[in-house]
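In what follows, a structure is listed as structure tokens, so that the remarks can point back to it.
The values are calculated or read from the model by the stated rules, or taken from the named source; none is laboratory data. Keep in mind that this is a model prediction, so the values were computed, not measured. Positions of Cβ are generated from backbone atoms using ideal geometry, with glycine treated the same way; all protein chains shown enter the neighbour counts.
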Amino acid sequence: MSKIAFLFAGQGSQTPGMGQDFYRNSDVFRQVMDSCGKLSDLDVCSLSFSGPAAKLNETAVAQPCLAAVELGLVRMLSSAGIRPSVVAGLSLGEYAALTCAGAIREEDLVSIAARRGRLMQEALPAGTGSMMAVLSNRLEDIRLACQAAGKQNEICEIANFNSPSQYVLSGTARGLSIAGKHLEESGIRRCLPLKVSGPFHSPLLKTASLELDEILKEYPLQAPDIPVVFNTTACSETCRDGNRVRELLVRQLYSPVLFDQSLDTMLQAGVDTFIEIGPGHVLSRLVQKKNRDVRVFGLETMEDYERIRKELHV
């Protein structure tokens, strides 16, 4: 029997039209999206299906819309008898993963995602900082570039360990500029600025994390029913209680996302089938680059859904 992991996409994967095929063809998905719309002050259906892109890309909008779509996809898979042995998510995706695992109530997910998105969007003045992808396997040189920024009293940290050749830096605008120059001088030229509203997963969000802690205390979090591989530890945890879940989610806001290490944890645990929940194929590609012997599925269309059902014999 397959050991299945659900991987939940994070912010940046959103795109106008996401979920629309499922909404047209699945009663289960449609019910979830309509319910999420009623529980939110945003029209998640219209924004997810039609955008416009500029609006959907706003952190305060992208996060609840992605959460709603991912919840709908989980419910579809569950209704078909497809359930994971373990779950993980990239940044925002961790909230959907925890909902899938029973640690966050389904009716609370979009509300939490919306409040987290607003908090992150408003945490710092516009232009304070940003993020930059670095495509290189020279980790030591990337660390030295961050240190170069630190020596000039600027913040620049590794925010995402996506793969041995893909990292994301986060920090002040000047810190990223210093690091970028250092990387270029060392021969690393594939540095791509990301279209995000702030320096997420960096110490600059430490103050905002205190507010997130207070927000999460308003919701009845509990220990997950199945193991969750958390961003900040890359360890498979069932957690002793909801307080541990909240602690890890708060820490995630200002700490690196250890996604590559999380994949190692799942592979070592015997996972042989990965299903990416959400738009895009970012996480699927990372899995395929790491291990070509496992099965990897994306889930963007009804055709994808039917293929998953067929190949998993459900």
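Going by the structure shown, is T99 part of a helix (DSSP H, G or I) and either over 18 Å from F230 (Cα atoms) or under 16 Å from the mean Cα position of the chain (by Cα) (or both)?
Against the criterion (part of a helix (DSSP H, G or I) and either over 18 Å from F230 (Cα atoms) or under 16 Å from the mean Cα position of the chain (by Cα) (or both)), T99 qualifies.
Can you go through R143, R116, R190 and tell me which one is of a type outside the set (A, V, I, L, M) and either in contact with a Phe, Trp or Tyr (Cβ under 6 Å, 6 or more places away or on another chain) or farther than 24 Å from L283 by Cβ (or both)? Break it down stepwise before answering.
On the way: R116 fails: either in contact with a Phe, Trp or Tyr (Cβ under 6 Å, 6 or more places away or on another chain) or farther than 24 Å from L283 by Cβ (or both); R190 fails: either in contact with a Phe, Trp or Tyr (Cβ under 6 Å, 6 or more places away or on another chain) or farther than 24 Å from L283 by Cβ (or both).
Residue meeting the stated conditions: R143.
With the requirement that a residue be of a type in the set (G, A, S) and out of contact with any Cys (no Cβ under 9 Å at 6 or more places or on another chain), what does segment 236-283 give you?
Listed by number, the residues that qualify are S236, G242, S255, A269, G270, G278, G280.
Would you point out which residue out of G37, G17 is at pLDDT 95 or above and not charged (D, E, K, R)?
After applying the criteria, what remains is G17.
Can you tell me how many residues in segment 138-169 are over 22 Å from the mean Cα position of the chain (by Cα) and of a type in the set (S, T, N, Q)?
3
Can you tell me which residue is surrounded by the most Cβ atoms within 10 Å (Cβ to Cβ) among those in segment 165-195 that are of a type in the set (S, T, Y) and not in a loop (DSSP other than H, G, I, E, B)?
Only one residue fits best here, namely S170.
Six or more apart or on different chains, Cβ under 9 Å: which pairs go from a residue in segment 38-64 that's assigned by TED's automatic domain parsing to the domain that holds Q20 and buried (at least 19 other Cβ atoms within 10 Å of the Cβ) to one that's of a type in the set (D, E) and at pLDDT 95 or above? Could you list them?
C45/D34
If you scan segment 125-164, which residues turn out to be surrounded by fewer than 20 Cβ atoms within 10 Å (Cβ to Cβ), assigned to a strand (DSSP E or B) and aliphatic (A, V, I, L, M)?
A133
Among the listed residues A114, A96, identify the single one that is in the same structural domain as I275 (by TED's automatic domain parsing), modelled with pLDDT of 95 or more and crowded, with 24+ Cβ neighbours inside 10 Å.
Just a single option satisfies the conditions, and that option is A96.
Could we say that V28 is under 21 Å from A208 (Cβ atoms), in contact with a Lys or Arg (Cβ under 8 Å, 6 or more places away or on another chain) and not polar (S, T, N, Q) here?
No; evaluated as a whole, the condition is false for this residue.
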